[in-house]
Amino acid sequence: MSTIGSISYAFMGPGQLTITGSRPRHADSDKKLSVWCKGTVSQRVAAVVSSPVAGLLGISKSSNVHAIFGLGSAVELDTDSTSSVTYHIGSNHDDPTAVKPVGVPTTAFHNRVGILPGHLIDTTVREHFLVFELFQQSDLTGDLTFLVAHLPTGGSADTKYAIAVIPATLLIFFGDAVAPGPVDENLKAALDDNYPGILGEAWLYGHDHFKGPAAEAIIQNSTKLKTKNLFSMPDKVRRPLLTTPTPATNFHRFSEEEEVALSDDLKELDNRIRQYLPGSSSTPPGTIGGSSTSVAHSTFGRKSRHKNRDDSDESEDDEGLDDSAEREARRVIFQGNVRNGNFTPCSVNPAYGRLANTRRSKAAFNKLYKELYTQTSNLLGLRGKLDNVDPPIQFPAVVALYASSTVRTNRLTRLSDGNSTDGANVAFEIPIITDNTAADNTWNANKTVDIEVLLGESPKNQSKMSKTISVNESVRDFDSLMTMLDNIHLRQAVSNDYHGDVPSILSECCDKLKETLSVLKTRRYLRRTIPTERGAHIPYTLITFFDGVYSLLGEHNSSFENIMAAHEGRFVDIPTQPYETIHKRCDELIADIQNMVSGGKSLETTLLYENSKDVAAAKAAALAAKPAAHGPPNPRKSPANGLTGKRNQPGSPGESDDLFTFTSNERYAPMPVIPGSSKEPCGAFYREGKLCRLLSCSRDHTKITDMTPAVKKTWCQHIAATKGMDFTAKARQIFMGELDLSQPAGKKAKTAEPETK
């Protein structure tokens, strides 16, 4: 028995060894291999970090077989002064006595195309490789005669052939027999042992023959071949084809300077390999279905009464999914999409894949998720991918909801509904105005626990964890609308690979709408129209669309059946109707926008707009603009100061800044004496549920956010000493720093209650 880093091997004979690892060959290995063989580049990259997958098998330019393990991080290295090459870091175990870090080129995830003889084509080969219609030499007439020169040698007039696409490398699973060294009988025996039917033999044939002139001729004449169903060109980006004789696994040996520069990546490689050890506490979850979706799977996907039982052993004692497995299953559904009528998981951001594939506490996961969010915003913002992005304040509760893919299922009736902890919703992504507002004060208050941790405070003495969420309730310009689209897309990009093959449904909708709104004619129209009365509702119509998307996805990823289907990789069992509905609504919205800009009717107003602060402000302004009503003299008018009672004061919409609630039989709430001020605070202005309607009120109307610490302290002492009086939730957040100075023990915060006259 030999040990390579953290993986053990048992020699089976000359040049052959078996990976023992932490578990036997996975039951779904053939299924994963099938997805690998027909998968896209991003799906293959994601597949090699799956726990049932140990690495990949390739053949170098010297015709030697190489096994690469722990494949992970992608790095870009300068090969000369003008170009660079992207490699994935892995460990090449040709020498089973030491770990040898190597760079595996991205071509290892590409394909080769060529002609397979009929005796190498059976059901298994068709299930795993992309094999086209069978033909004989006599079928190659007219425009197809060029192919005769490239047929395999040794065939007869009756020999059948087919053009096939095969992967440049094959997956290696735990329990597989590997044959490092030359291509010989040991390799053929290992291929027969590992892969079903004649799959290994067909792949080895393709590796030897699918290159050079034959591949080039097939690609150049793909249009002619397509007419007879003999070949159809795959997507050049998602499933690129190799034509040169250069091997796909032309490894890069890192220099000493490169190893120093990549020290962090190499440490990560070592940790990733160690995760496969028996008894490891951080065994990564499997990639379900071989897709690009990393989901907590069989390694620690279920809760068990027997904590010391082997991870691979699932039995009747399983009580359900653990937190990480449920989190990942919910994410798969939340970020899913539909392709060709089938549910399709989105491409996974490799950085998020590494985060999700390691066991962590909820608090640690949330913290790293937030850091990844910040890194992603900087990356996409600086590179101009999301040029309007302006990440809103990351309240701890918002981070936790998104990190766990807990999505709101009920529609919003007003944007202020979004500040609850019911689930992630579109209100979180509306840019918050961060000047002298309550949001900033709330953010500062949320840092209380962080500084206590840094100071070494005992957990039992730390402040209660903040659950506060603040949202902006007003969208009045085109730029805020574009920022909201980029903010939604950014949130998806934390776990959805921005450059991947399959975007999440939300990312795709954002892309389509942003493309529509960025057209010069549309952009000019909206910039001119949204600030006016006839166009103020337009942003809310788009917000209402996304509110519907969130609620549909929230219902979908809350279904137990869907969660289990995602966890077990049964994507065919996940209904596609919600995603199809979202695509349809998005297309209809785009059509309505284009029609509006071209002179058609405006977008429909929605409940979110009718209940918005913008509408309330417009109504108040309209009321203030009306001429004062003439009537009999006001009996409450005071000749001494000329003031009029607020209930009868015409022409004033009223103003307030709710600071306190007051429940008492007394009609008027007592006001404090403010040191250094000659004015008494206005009770109607500060009391929740009241408005000051005096046109020239002589009392103090200082905004809560503009109060000095001394004034705040006075209010804290006054409210603490006054029976029936308490802070509003908004004021409590703003006064957070002064509360402990005066709050009596046992006095609790109250929510607003109906006042007693």
Sparse-neighbour loop sites [GluC sites (Glu not before Pro); region 109-190; at most 15 other C-beta within 10 Å; DSSP]: 133
Per residue value of the accessible surface for region 540-617 (all protein chains in place, 1.4 Å probe), Å²: 43 Å²
Rounded to the nearest 10 Å², the accessible area of residue 371 at probe 1.4 Å: 80 Å²
Theoretical gain in end-to-end length, residue 62 to residue 216 [0.36 nm per residue, Cα-Cα removed]: 53.2 nm
Amide H within-cut-off set for residue 407, under 5 Å, with H built and near neighbours excluded: 424
Calculated FRET efficiency for the pair residue 250/residue 123, C-beta based, R₀ 30 Å, to 0.05: 0.35
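Largest first, how would 257, 555, 429 line up by accessible area (1.4 Å probe)?
Putting 257, 555, 429 in descending order of accessible area: 257, 555, 429.
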Surface accessible to a 1.4 Å probe, residue 156 within the full protein complex, Å²: 60 Å²
Under Karplus coefficients 6.51, -1.76 and 1.60, residue-wise ³J(HN,Hα) of region 504-515 in Hz, glycine/proline x: 5, 4, 5, 4, 5, 5, 4, 4, 5, 6, 5, 4
With every protein chain in place, region 502-635: carbon and sulfur % of accessible area (1.4 Å): 57 percent
Extension gain (nm, one decimal) between residue 158 and residue 527, 0.36 nm per residue minus Cα-Cα: 125.8 nm
Pairwise FRET efficiency - residue 27 versus residue 555, Cβ, R0 = 30 Å, nearest 0.05: 0.40
Phi-based couplings in Hz for region 592-599 (Karplus 6.51, -1.76, 1.60; Gly and Pro marked x): 5, 5, 4, 5, 4, 5, 8, x
Long-range amide H partners of residue 54 with built H, under 5 Å: 172, 173, 174
17 Å cut-off, amide nitrogen to a point 7 angstrom out along residue 705 Cα→Cβ, residues in region 516-545: none
Sites residue 512 and residue 613, calculated FRET efficiency, Cβ-Cβ separation with R0 35 Å, nearest 0.05: 0.75
Distant-in-sequence amide H partners of residue 338 (H built 1.01 Å from N, under 5 Å): 344
Residue 595 paired with residue 238, simple spin-label distance in nm, labels 7 Å along Cα-to-beta-carbon: 3.1 nm
Per residue, in Å², the accessible surface of region 142-274 once ligands and nucleic acids are set aside, probe 1.4 Å: 48 Å²
Which of 712, 584, 236, 100 is most accessible, then next, and so on - probe 1.4 Å: 236, 584, 100, 712
Exposure ranking of 619, 679 by accessible area [1.4 Å probe, largest first]: 619, 679
Gained length - residue 722 relative to residue 421, 0.36 nm times residue gap less alpha-carbon distance: 105.2 nm
Inter-site label distance for residue 260 and residue 134 at 7 Å from Cα along Cβ, in nm: 6.2 nm
Nitroxide proxy distance, nm - points 7 Å out along Cα→Cβ at residue 201 and residue 479: 6.9 nm
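The values are calculated or read from the model by the stated rules, or taken from the named source; none is laboratory data. Just so it is clear, the model here is predicted, and its values are computed rather than measured. All Cβ positions, even for glycine, are placed from backbone atoms using ideal geometry, and neighbour counts span all protein chains on display. Please note that ligands, DNA and RNA were not included when accessible areas were found on the heavy atoms of the full protein model with its side chains. Shrake-Rupley method; radii C 1.70, N 1.55, O 1.52, S 1.80 Å.
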